[in-house]
């Protein structure tokens with residue numbers, strides 16, 4: 001198979017003016033003696049300590065908050081360390097600190113990976129007893145490498161304050177009482193309040209930020225400079241005029257220079273107003289945001305503040321489909337060419353030109369970005385849009401030169417090469433006027449090579465999913481052979497152990513394993529987070545196994561979000577090329593079957609594929625039941641409260657409250673019902689996902705304009721970047737779940753869409 005694909009690639013290279021992207025450089029084999037494999041962590045090393053009926057019952061009772069019942073299942077004088085841990089924890093929970101402290105001190109004296117934790121807990125028991133001096137002595141013996149060392153230091157500071165304020169014989173006054181005696185403090189400087197509000201904004205706490213900003217005493221920006229018309233449109237018109245971005249009848253020329261306010265407003269007031277505009281935009285209060293931002297553009301002179309206000313204002317006009325968006329982007333690029341936002345301005349100018357039907361201007365702007373913004377994160381998108389401008393005109397092969405550059409882009413996860421090779425194959429399969437039979441045959445062979453490369457080497461990707469359908473149509477035999485080989489790979493036994501490598505020397509790793517075996521999952525997750533992973537991040541394959549072990553431990557600790565984050569961010573190469581049992585194990589950690597029973601039950605009633613609902617949940621919330629989005633969406637399926645209330649009425653859910661969306665069962669039921677409605681309406685996974693993200697009204701509108709396009713082109717034409725990326729990610733996850741848990745079978749995505 002590989003030899004055949006190589007021959008086809010050679011033929012296509014001779015027949016077509018195409019230089020394929022260079023493949024991955026051959027991996028340098030590290031010196032066998034230099035590779036530190038570390039201890040092998042087996043299933044036995046991770047097995048729970050408590051397997052007997054009595055110990056299991058005790059652990060269950062303690063976890064349920066019934067510590068006294070747990071003690072009834074435990075021996076009076078435990079001899080082994082795990083049982084000592086269980087009894088010490090139960091004694092402390094049962095408010096018997098003296099007995100608990102004695103056991104914890106015994107455990108600390110034994111040493112081992114949990115000795116610092118035992119010493120810390122012994123100190124906390126001493127505090128519960130009121131033994132301040134003993135607590136100070138025990139806290140002083142806790143190592144600074146302990147995962148909760150910051151809490152230990154804080155507790156020691158509190159003990160010191162208690163002794164100084166109240167003396168050793170009387171309890172210290174509460175913090176609230178001391179504050180009352182000290183009286184009110186000094187007022188906080190306005191600049192510090194602004195910084196605090198900006199921190200709230202960065203944390204997506206938009207309403208709190210708005211409240212904070214509204215309390216800052218600053219002068220109005222409208223003193224001596226705002227237009228008579230103080231509506232959103234009035235402010236915007238004045239701002240455009242101030243920048244040299246003229247009404248739609250006038251196309252700005254290089255001679256049009258943006259103006260700077262003659263008497264600029266107070267700098268702090270400008271910053272406050274900018275932050276208010278940002279917060280209002282995040283809260284989707286677009287009209288109020290436009291007023292705030294237009295004032296900043298009109299009245300403020302500071303370069304950073306004014307350029308950022310102009311950027312957000314241009315974003316708002318783009319979202320609303322206003323013709324003023326293009327002049328705003330152009331004004332930003334011209335006035336602030338050295339700004340970090342200049343490349344965004346050029347790219348969005350190109351988008352505006354495309355929407356206006358000016359293809360030549362679009363291409364000129366995109367070429368400018370490609371040539372002059374070499375480090376821009378939008379450069380790859382610009383290369384693809386240059387190709388797409390030719391595709392949209394029915395001349396895709398004229399744009400292959402841009403795909404060539406895209407495939408060769410130095411990016412780590414391989415996405416751009418996948419996108420380039422898929423659309424190269426699609427372009428070569430499109431008939432070309434005047435093409436000879438020999439050239440046509442060579443083009444098909446080259447397309448087959450690219451499609452087979454994607455299907456065989458990138459099965460867990462969006463473009464790998466699309467390529468499978470195309471290859472099945474073009475060459476069923478090759479597609480079937482690849483599928484059989486992947487079936488055999490999926491039958492490969494999972495590795496019996498995972499080597500820790502250099503991470504095996506990290507005490508936090510061993511502490512995490514001990515805590516997992518004790519059933520203390522939350523504490524184990526904290527220890528895993530404290531492991532220094534830098535020795536495994538060398539970039540060589542030697543780090544794959546230790547990092548997979550970290551993800552495995554996170555998964556066993558119940559932190560699925562962290563587990564799949566490790567694979568997604570640190571094992572991307574391994575995940576995209578599942579060609580070994582280790583890669584498949586990492587993939588299973590990245591795509592876990594979480595909440596599968598609830599999903600199976602709900603998907604059957606909603607008439608949606610269970611893997612589609614599972615994929616949606618993974619992308620929406622990273623399978624975190626307590627996920628909260630900046631816009632207020634809640635839970636596993638990230639359903640909005642207003643939508644959830646409507647569905648709760650339809651489902652006749654008694655006693656429904658918004659807070660119940662954090663309950664996995666209810667959230668999956670409501671989110672699954674909504675996805676089912678959309679799936680029934682649009683009859684296609686991609687359209688159902690797009691409408692889940694952008695709303696069914698938006699998708700219906702797109703179908704009216706572009707419904708005749710095949711699926712792959714329709715997705716590339718989705719006008720909202722967020723929704724386009726969302727659909728690709730969800731379909732990628734859909735494909736991954738099907739591949740991993742359905743013996744390599746992939747979802748069959750029809751390319752034909754029907755307008756609805």
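The values are calculated or read from the model by the stated rules, or taken from the named source; none is laboratory data. None of the values given here were measured: they were computed from a predicted structure. Neighbour counts run over all protein chains shown; Cβ positions are idealised from the backbone, glycine included.
This table checks each residue for (1) assigned to a helix (DSSP H, G or I); (2) closer than 25 Å to residue 617 by Cβ; (3) modelled with pLDDT of 95 or more.
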{"position": "688", "(1), (2), (3)": "yes, yes, yes"}
{"position": "698", "(1), (2), (3)": "yes, yes, no"}
{"position": "701", "(1), (2), (3)": "yes, no, no"}
{"position": "719", "(1), (2), (3)": "no, no, no"}
{"position": "724", "(1), (2), (3)": "yes, yes, yes"}
{"position": "733", "(1), (2), (3)": "yes, yes, yes"}
{"position": "744", "(1), (2), (3)": "no, yes, no"}
{"position": "749", "(1), (2), (3)": "no, yes, no"}
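When you check residue 328 against the structure, is it part of a helix (DSSP H, G or I), free of Cβ contacts under 8 Å to residues at least 60 places away in the same chain and either in contact with a helix residue (DSSP H, G or I) (Cβ under 8 Å, 6 or more places away or on another chain) or under 20 Å from residue 717 (Cα atoms) (or both), yes or no?
It is false that residue 328 is part of a helix (DSSP H, G or I), free of Cβ contacts under 8 Å to residues at least 60 places away in the same chain and either in contact with a helix residue (DSSP H, G or I) (Cβ under 8 Å, 6 or more places away or on another chain) or under 20 Å from residue 717 (Cα atoms) (or both).
Results for (1) modelled with pLDDT of 80 or more; (2) crowded, with 22+ Cβ neighbours inside 10 Å; (3) in contact with a strand residue (DSSP E or B) (Cβ under 8 Å, 6 or more places away or on another chain); (4) farther than 14 Å from residue 328 by Cα, shown as yes or no for each residue.
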| position | (1), (2), (3), (4) |
| --- | --- |
| 220 | yes, no, no, yes |
| 242 | no, no, no, no |
| 259 | no, no, no, no |
| 274 | yes, yes, no, yes |
| 293 | yes, yes, no, no |
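Mind listing whichever residues of the stretch 388-400 are in a helix (DSSP H, G or I) and more than 28 Å from the chain's Cα centre (by Cα)?
If the condition is that a residue be in a helix (DSSP H, G or I) and more than 28 Å from the chain's Cα centre (by Cα), then 389, 390, 391, 392, 396, 397, 398, 399, 400 are the ones that fit.
For the stretch 428-442, enumerate the residues that are in a helix (DSSP H, G or I) and either surrounded by fewer than 24 Cβ atoms within 10 Å (Cβ to Cβ) or free of Cβ contacts under 8 Å to residues at least 24 places away in the same chain (or both).
429, 437, 438, 439, 440, 441, 442
Grab the helices (runs of 4 or more DSSP H) fully contained in the stretch 475-557, keeping just those with 3 or more residues being over 20 Å from residue 118 (Cβ atoms) and touching a residue at least 40 places away in the same chain (Cβ under 8 Å).
So the answer is 476-490, 544-556.
With over 30 Å from residue 426 (Cβ atoms), assigned to a helix (DSSP H, G or I) and touching a strand residue (DSSP E or B) at 6+ places or on another chain (Cβ under 8 Å) as the only criterion, which of 676, 671 stands out?
671
Against the definition (surrounded by 17 or more Cβ atoms within 10 Å (Cβ to Cβ) and within 24 Å of residue 459 (Cα to Cα)), how does residue 689 come out, yes or no?
The answer is yes for residue 689.
Find the helices (runs of 4 or more DSSP H) located wholly in the stretch 588-650 whose residues include 2 or more that are surrounded by fewer than 16 Cβ atoms within 10 Å (Cβ to Cβ), and list them.
Hits in the stretch 588-650: 596-606, 641-650.
From the residues in the stretch 477-510 that are farther than 24 Å from residue 737 by Cβ and surrounded by fewer than 18 Cβ atoms within 10 Å (Cβ to Cβ), which one is farthest from the chain's Cα centre (by Cα)?
Here the answer is 477.
In the stretch 362-378, how many residues are part of a helix (DSSP H, G or I) and surrounded by fewer than 22 Cβ atoms within 10 Å (Cβ to Cβ)?
Residues in the stretch 362-378 being part of a helix (DSSP H, G or I) and surrounded by fewer than 22 Cβ atoms within 10 Å (Cβ to Cβ): 7 in total.
Every residue in the stretch 624-659 that is at pLDDT below 95 and at positive phi, please.
632, 652, 655
For the stretch 318-360, which positions are under 28 Å from the mean Cα position of the chain (by Cα), surrounded by fewer than 23 Cβ atoms within 10 Å (Cβ to Cβ) and under 21 Å from residue 292 (Cα atoms)?
Hits for the stretch 318-360 are 318, 319, 320, 321, 341.
Being out of contact with any helix residue (DSSP H, G or I) (no Cβ under 7 Å at 6 or more places or on another chain) and not in a loop (DSSP other than H, G, I, E, B) is the filter; apply it to the stretch 651-668 and report the residue that is surrounded by the fewest Cβ atoms within 10 Å (Cβ to Cβ).
Among those residues, the one meeting the criterion is 659.
Quick one: which residue in 666, 740, 731 is over 30 Å from residue 382 (Cα atoms), in contact (Cβ under 8 Å) with a residue 60 or more places away in the chain and under 25 Å from the mean Cα position of the chain (by Cα)?
From the options 666, 740, 731, the qualifying one is 740.
Residue 98 versus (1) modelled with pLDDT of 95 or more; (2) within 43 Å of the chain's Cα centre (by Cα): which is the lone unmet condition?
(2)
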